[in-house]
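The values are calculated or read from the model by the stated rules, or taken from the named source; none is laboratory data. In this text the structure is predicted, and so the values were computed from the model without any measurement. Cβ: placed from backbone, ideal geometry, glycine included. Neighbour counts: every protein chain shown. SASA here: full protein model, heavy atoms, side chains in, ligands and nucleic acids out. Shrake-Rupley method; radii C 1.70, N 1.55, O 1.52, S 1.80 Å.
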Amino acid sequence: MNVNSIVVLKLVLLICWPWLVYSKGEQGRLLVNMTLVRNASALGAYCLDGSLPAYHLHRGFGAGANNWLLQFEGGGWCNDIKSCLDRSKTHRGSTRYMNKLEVFAGILSNNASFNPDFYNWNRVKIRYCDGASFAGDAKFFNGTSLLYFKGQRIWQAILLDLLPKGLGHAKKALLSGCSAGGLATFLHCDNFTSYLPKNASVKCLSDAGFFLDERDIALNHTMRSFYEDLVSVQGVEPNLNQNCTSTLYYPHLCFFPQYVLPYINTPFFILNSAYDVYQFHHILVPPSSDPRRHWDHCRFNVTACNAYQLNILQGFRKNMLAALRVFYQDSRRDGMYINSCFTHCQSETQDTWFAVDSPRIHNKTIAQTVGDWYYSRNVSKEIDCAYPCDTTCHNMI
């Protein structure tokens, strides 16, 4: 290879590197560069620490060039000044501390063998740095510390940045998210639809975002109290679904998906485990509910649960299915996949999304079921049998 060829090769690598990078020793691992939203400050859209919000975009191609998939990143919440200050000094509250390259796998993969229905779409990972599922709009300053609770504006700023890049002319679109990002999908689904062409096919998917309004084992509403504080501190209430807040006596309850779901007009798919590990550890058995730590062995190894504990877990599953009963029975346009795995988030990892040994219900993978729903190929409402019958699970505990 001569000197000119080497120079040309270096230029090609320099140009292509931000968009497509494969790590050494891991063939096919797609890494996508971060894009900061430079105009976000004009909208007052900042991460907790005042840094600019960001996303990762990998361009679609071929038949998917005009289709868009936006994925909200997850990562819990902060519900008071101390926890939000702590969060602002990490990658959960500042783009300054985030990895600049993000792995795109599962539903974000560009490989048809791993992601058959969305591989050639424009795929976007929206980074999470506000701590309120992209729904807050407030600011805190006590003369020393400054916090921006601007999740709602971050969401709007990212949309406005993507619209001229092709999102504004989308033919098909899917808004999705995992965990706190899955909850954000419930909160922003109809708003997403309002930005897109009237003739576009727009749908929404929540992965591990159906957080239940459920009492813990000590009969306390631990998660309800947590969300009440979050909604208050971060100024979330004005951004909640107004049909929901005008109906409920306690408007902050509309942060829970089960209460806002009946008011969502856009076709919706709910992907969740009936024994979601995050909900098991933070809603059903939070540390405050088990001071003597009787649940420790069970919490970290489901095979160590005794009969009483298993009965409590089965009750949690029954309550989740009860909260979804109307959605399951009455809606023809929507979809669901409720399996019985002890896991959390299943769309972003390849082994749970679509692989030889992926979880299955009635021999259907998550990717197949979501694809059938989006393209209206088949009825797409799958509910797994109760634990421990499913042998296809990739359990986290």
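Can you tell me the order of 257-267, 379-389 when each peptide is scored by its average per-residue count of other Cβ atoms within 10 angstrom, highest first?
Per-residue mean Cβ counts within 10 Å order the peptides as 257-267, 379-389.
How far is it, in nm, from the label point at GLU237 to the one at LEU43 when both lie 7 Å from their Cα along the line to the Cβ?
2.5 nm
Per DSSP helix of 4 or more residues, -39500 (n - 2.57); summed, then divided by the residues of the chain. What does that give at 222 nm, rounded to the nearest 500?
Numbers: 12 runs with 111 residues, N = 397.
Computed mean residue ellipticity for the chain: -8000 deg cm²/dmol.
By average Cβ neighbour count within 10 Å, what is the ranking of 303-315, 280-292, 47-59 from highest down?
47-59, 280-292, 303-315
Once the other residues with Cβ under 12 Å from the Cβ of ALA200 are scored (Lys, Arg +1; Asp, Glu -1), what is the net sum?
After counting each charged neighbour, the total is +4.
Which value, in debye to the nearest 20, describes the size of the charge dipole of segment 284-397 about its Cα centre when Lys and Arg Cβ atoms bear +1, Asp and Glu Cβ atoms bear -1, and nothing else is charged?
320 debye
Might you work out the accessible area of GLU237 for me, using a 1.4 Å probe with all protein chains in place, and round it to the nearest 10 Å²?
That residue has around 90 Å² of solvent-accessible surface.
Give me the dipole magnitude in Debye, nearest 20, for the chain about the Cα centre, with unit charges on the beta carbon: positive for Lys and Arg, negative for Asp and Glu.
Result for the chain is approximately 920 debye, rounded to the nearest 20.
For segment 214-259, take every pair of Cα atoms, bin their distances at 5 Å starting from 0, and report each bin as a whole percent.
5, 23, 30, 23, 13, 5, 1
Which order do peptides 329-335, 86-92, 364-370 fall in by mean Cβ count within 10 Å, highest first?
364-370, 86-92, 329-335
Is the C-alpha gyration tensor of segment 316-396 telling us rounded, prolate or oblate? Criteria: a/c under 1.5 is rounded; beyond that, a/b larger than b/c is prolate, otherwise oblate.
It is oblate, given that a/c is not under 1.5 and a/b is not larger than b/c.
Sum up the charges of everything whose Cβ sits under 14 Å from the Cβ of PHE141, counting Lys and Arg as +1 and Asp and Glu as -1, but leave PHE141 out.
My count for the surroundings of PHE141 gives +1.
Once you sort the root eigenvalues of the Cα gyration tensor of segment 273-348 as a ≥ b ≥ c, which label holds: rounded (a/c under 1.5), prolate (a/b larger than b/c) or oblate (the other case)?
In terms of gyration-tensor shape, prolate.
Among (i) 62, 53, 36; (ii) 73, 58, 43; (iii) 88, 56, 37, which is the computed Cα extents along the principal axes in Å?
Answer by label: (ii).
Can you tally the net charge around PRO164? Count Lys and Arg as +1, Asp and Glu as -1, for every other residue whose Cβ sits under 15 Å from the Cβ of PRO164.
+2
Which length gain, in nm to one decimal place, applies between SER225 and LEU36 when the Cα-Cα distance is subtracted from 0.36 nm times their residue separation?
64.6 nm
Accessible area of the chain with a 1.4 Å probe: how many percent of it is carbon plus sulfur?
Ligands and nucleic acids excluded, carbon and sulfur reach 53 percent.
Find the accessible area per residue for segment 30-383; the probe is 1.4 Å, ligands and nucleic acids are left out, and the unit is Å².
40 Å²
For the cross-link pairs LYS125/LYS381; LYS125/LYS150; LYS82/LYS139; LYS125/LYS198; LYS171/LYS203; LYS203/LYS381, which exceed 21 Å when the distance is taken from alpha carbon to alpha carbon?
LYS125/LYS381; LYS125/LYS198
How many angstrom lie between the C-alpha centres of segment 310-362 and segment 62-87?
Rounded to whole Å, the Cα centres lie 21 Å apart.
So for the chain: antiparallel DSSP bridges make up what percent, rounded to the nearest 5?
Here the antiparallel bridges make up roughly 40 percent for the chain.
By its C-alpha gyration tensor, with a ≥ b ≥ c as the square roots of the eigenvalues, how is segment 61-191 shaped: rounded for a/c under 1.5, else prolate for a/b larger than b/c, else oblate?
Because a/c hits 1.5 or more and a/b exceeds b/c, segment 61-191 counts as prolate.
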